[in-house]
Amino acid sequence: MKKIIILQKKMNIFLIALLLLTLSGIPLIFFFSSPKLELQGPEEIVIDYQENYEDPGVVATYYGQDISPDVKVEGQVDNTNPGTYKIKYSVKKGLHTKEKERTIIVKDTRPKDVTAPVITLTGSENVKICPNKTYKEEGYKAIDDTDGDISNQVKVTTTKDKITYTVKDSHGNESTLTRTITYQDTTKPKITLKGSSSSKITLNSKYTDPGYTVTDNCDSNLASKVKVTNNVNPKQTGNYEITYEVTDSNGNKTKVVRKVKVYTPPQGGVIYLTFDDGPNAGTTDVILDILKEEGVKATFFVTNRGPDSLIKREYDEGHTIALHTASHSYSKVYASVDAYFNDLQIVHDRVQRITGVDSKIIRFPGGSSNTVSRNYSKGIMTTLTKEVTNRGYHYFDWNVSCEDAGGAKTKTAVYNNVIKSLSNKRINMVLMHDIKPQTRDALRDIIHYAKENKFTFATIDENTPSVHHRVNN
């Protein structure tokens with residue numbers, strides 16, 4: 001009975017609605033009729049991989065009126081992912097909704113790709129690092145024959161001792177590469193001696209160790225762990241060794257030795273052959289030949305001229321490499337104190353680069369007694385002779401000159417100027433120039449004279465008794 005009553009009520013509501021529509025002037029036919037919806041183009045469209053899809057659209061009408069703008073479109077096409085897609089169109093008028101559907105097929109027309117990408121690593125695939133360090137990624141690349149550079153798609157998985165690099169191309173081909181990390185330190189610390197690795201001091205003088213620096217690839221501060229064993233006895237002549245030993249935190253050991261000779265300095269009858277202004281091809285090389293044949297060592301006060309190979313040969317054959325000047329231009333060298341040391345630094349760096357020696361033995365251009373420096377800076381020699389000493393240099397003038405830079409133009413003149421000034425009662429600091437042919441040609445005769453008259457030869461070092469001129473500026 002209740003169901004009948006409910007049905008009757010609904011019927012009454014429906015009749016009332018029809019009455020209202022009739023009274024409002026709306027034909028009932030519009031309320032009950034469906035809109036028309038027609039696809040433009042085929043119901044199924046096939047496109048190639050990565051081909052742009054352009055929808056042909058639909059036409060919707062309602063009793064001859066175009067209602068296409070009211071059509072709702074649902075669905076999307078991914079042209080980079082082969083497969084089947086649906087585009088749905090719907091339009092509603094009155095009580096009715098009209099729907100249509102179009103099928104879009106994206107076909108993969110590319111050749112079959114079965115080649116996996118190639119991963120390359122920057123640096124080694126097997127890395128050794130310090131046990132107390134963390135590996136810092138050096139980089140990687142992934143290149144695919146179809147997709148190109150896909151490095152930004154690489155997935156990196158890191159564990160303590162392994163890094164795995166994985167990448168997959170658009171066809172599903174996958175590559176994996178592994179970098180292994182080994183925490184190991186087999187590198188020894190490095191001890192670098194300050195100053196020379198061998199030195200000489202005179203008997204009863206004070207020896208001061210120049211010191212050292214120590215570096216290690218894993219440990220940042222080993223200086224306090226260096227063990228120094230020093231048995232130098234300045235009161236007794238002989239050859240001594242100072243040892244420097246250090247072990248890093250991973251057990252790697254290093255030992256370096258400095259040799260020190262304690263000797264009695266020569267008092268008289270000693271000749272120091274010194275050569276300025278070189279090296280020079282054609283003269284210096286011949287002078288070196290003569291010295292080698294005669295078994296004599298000399299001291300070369302070098303400049304920035306000539307080939308490096310001659311300075312290297314001088315050093316390798318046991319001669320002392322000392323500093324003269326880089327430019328040998330008085331106007332530059334003696335323009336100021338700074339100008340002098342800038343010039344000296346240039347030739348110092350050249351010698352150190354070629355020989356590894358931090359030379360502190362110098363000779364002023366023109367000697368410490370020169371007066372030409374007055375033309376450029378008054379009183380500069382008075383300042384420089386003190387300042388070079390303050391900075392750890394040892395300067396040497398001469399008390400015998402062969403005069404090859406002046407009036408001695410011949411081999412005979414050079415020879416006579418030297419032998420007439422030699423004395424057995426003092427050291428003989430002989431000034432010559434290895435750029436002069438007449439000096440080259442006279443050298444062997446000078447050596448023969450010295451040997452016949454019981455002179456000995458020596459090279460200058462930091463403990464050689466100084467020969468200084470009177471300063472005139």
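Of everything in region 312-359 that is farther than 22 Å from residue 281 by Cα and aliphatic (A, V, I, L, M), the residue that is surrounded by the fewest Cβ atoms within 10 Å (Cβ to Cβ) is 337.
Would you confirm, using the coordinates I've provided, whether residue 60 is in contact with a helix residue (DSSP H, G or I) (Cβ under 9 Å, 6 or more places away or on another chain), within 30 Å of residue 47 (Cα to Cα) and among the small types (Gly, Ala, Ser)?
Numbers: in contact with a helix residue (DSSP H, G or I) (Cβ under 9 Å, 6 or more places away or on another chain): yes; within 30 Å of residue 47 (Cα to Cα): yes; among the small types (Gly, Ala, Ser): yes.
In short, yes.
For region 79-117, a tally of residues being loosely packed, with under 15 Cβ neighbours inside 10 Å and closer than 30 Å to residue 61 by Cα returns 11.
Within region 252-260, does at least one residue satisfy the condition of being over 28 Å from residue 427 (Cα atoms), of a type in the set (A, V, I, L, M) and outside the structural domain of residue 453 (by TED's automatic domain parsing)? It would help to see each step written out before you state the result.
From region 252-260, those over 28 Å from residue 427 (Cα atoms) are 252-258; that's our starting set.
Next, only the ones that are of a type in the set (A, V, I, L, M) stay: 256-257.
Imposing the further condition that a residue be outside the structural domain of residue 453 (by TED's automatic domain parsing) reduces the set to 256-257.
Looking through region 252-260, at least one residue is over 28 Å from residue 427 (Cα atoms), of a type in the set (A, V, I, L, M) and outside the structural domain of residue 453 (by TED's automatic domain parsing).
Can you confirm whether residue 290 is in the same structural domain as residue 431 (by TED's automatic domain parsing) and farther than 19 Å from residue 462 by Cα? When the stated conditions are applied, residue 290 passes them.
Filter region 424-436 down to residues that are in a loop (DSSP other than H, G, I, E, B) and modelled with pLDDT of 95 or more and give me whichever is nearest to residue 468 (Cα to Cα). Give the steps one after another, and end with the answer.
Kept after step one, since they are in a loop (DSSP other than H, G, I, E, B), are these residues of region 424-436: 424-426, 434-436.
Adding the requirement that they be modelled with pLDDT of 95 or more leaves 434-436.
Details: 434: 22, 435: 24, 436: 24 Å.
Filtering first and then ranking leaves 434.
Residue 199 meets all of the listed conditions (1) in the same structural domain as residue 258 (by TED's automatic domain parsing); (2) surrounded by 14 or more Cβ atoms within 10 Å (Cβ to Cβ); (3) part of a loop (DSSP other than H, G, I, E, B); (4) among the small types (Gly, Ala, Ser) but one, namely (3). In region 437-469, the residue that is surrounded by the fewest Cβ atoms within 10 Å (Cβ to Cβ) out of those that are over 49 Å from the mean Cα position of the chain (by Cα) and part of a loop (DSSP other than H, G, I, E, B) is 454.
Regarding region 323-340, can at least one residue be identified that is free of Cβ contacts under 8 Å to residues at least 24 places away in the same chain, over 17 Å from residue 277 (Cβ atoms) and out of contact with any strand residue (DSSP E or B) (no Cβ under 7 Å at 6 or more places or on another chain)? Yes: region 323-340 contains one or more residues that are free of Cβ contacts under 8 Å to residues at least 24 places away in the same chain, over 17 Å from residue 277 (Cβ atoms) and out of contact with any strand residue (DSSP E or B) (no Cβ under 7 Å at 6 or more places or on another chain). Within this structure, residue 261 passes the test of being more than 26 Å from residue 446 (Cα to Cα) and either in contact with a strand residue (DSSP E or B) (Cβ under 8 Å, 6 or more places away or on another chain) or in contact (Cβ under 8 Å) with a residue 12 or more places away in the chain (or both). Considering region 394-436, the residues that are in contact (Cβ under 8 Å) with a residue 40 or more places away in the chain and hydroxyl-bearing (Ser, Thr, Tyr) include one that is surrounded by the most Cβ atoms within 10 Å (Cβ to Cβ), namely 395.
Take residue 473 and tell me if it is outside the structural domain of residue 289 (by TED's automatic domain parsing), crowded, with 18+ Cβ neighbours inside 10 Å and over 14 Å from residue 275 (Cβ atoms).
Values: outside the structural domain of residue 289 (by TED's automatic domain parsing): yes; crowded, with 18+ Cβ neighbours inside 10 Å: yes; over 14 Å from residue 275 (Cβ atoms): yes.
So residue 473 fits the description; yes.
In region 244-251, the count of residues that are touching a Phe, Trp or Tyr at 6+ places or on another chain (Cβ under 9 Å), outside any strand (DSSP E or B), surrounded by 13 or more Cβ atoms within 10 Å (Cβ to Cβ) and not acidic (Asp, Glu) is zero. Of the residues in region 161-177, at least one is touching a helix residue (DSSP H, G or I) at 6+ places or on another chain (Cβ under 7 Å), modelled with pLDDT of 95 or more and either surrounded by 14 or more Cβ atoms within 10 Å (Cβ to Cβ) or in a loop (DSSP other than H, G, I, E, B) (or both).
Of the numbered criteria (1) more than 30 Å from residue 110 (Cβ to Cβ); (2) touching a residue at least 60 places away in the same chain (Cβ under 8 Å), the one residue 182 fails is (2).
Please work out if residue 128 is part of a strand (DSSP E or B) and either polar (S, T, N, Q) or surrounded by 11 or more Cβ atoms within 10 Å (Cβ to Cβ) (or both). I'd like the intermediate steps shown before the answer.
Numbers: part of a strand (DSSP E or B): yes; either polar (S, T, N, Q) or surrounded by 11 or more Cβ atoms within 10 Å (Cβ to Cβ) (or both): yes.
So residue 128 passes the test.
Are any residues in region 283-305 part of a loop (DSSP other than H, G, I, E, B) and touching a residue at least 12 places away in the same chain (Cβ under 8 Å), and if so, which ones? Break it down into steps so the answer makes sense when it comes.
Our first condition is that a residue be part of a loop (DSSP other than H, G, I, E, B); within region 283-305, this holds for 283, 295-298, 303-305.
Scanning region 283-305 gives 283, 296, 297, 298, 303, 304, 305.
Please go through region 279-308 and give me each residue that is among the aliphatic types (A, V, I, L, M) and surrounded by fewer than 24 Cβ atoms within 10 Å (Cβ to Cβ), ordered by number. Lay out the reasoning, then the answer.
First, the residues of region 279-308 that are among the aliphatic types (A, V, I, L, M): 281, 286-288, 290-291, 296, 298, 302.
281, 286, 288, 290, 291, 296, listed by residue number.
Can you find even one residue in region 433-444 that is among the aliphatic types (A, V, I, L, M) and in contact with a Leu (Cβ under 9 Å, 6 or more places away or on another chain)? Break it down stepwise before answering.
Here is the first cut: in region 433-444, the ones among the aliphatic types (A, V, I, L, M) are 435, 442-443.
Filter once more, so that each one left must be in contact with a Leu (Cβ under 9 Å, 6 or more places away or on another chain): 443.
The answer is yes, given that some residue of region 433-444 is among the aliphatic types (A, V, I, L, M) and in contact with a Leu (Cβ under 9 Å, 6 or more places away or on another chain).
Restricting to region 392-420, name every residue that is within 19 Å of residue 361 (Cβ to Cβ) and part of a loop (DSSP other than H, G, I, E, B). Listed by number, the residues that qualify are 392, 393, 396, 397, 398, 399.
The values are calculated or read from the model by the stated rules, or taken from the named source; none is laboratory data. Not measured: the values here are computed from a predicted model. We place every Cβ from the backbone using ideal geometry, glycine too, and count neighbours over all the protein chains shown.
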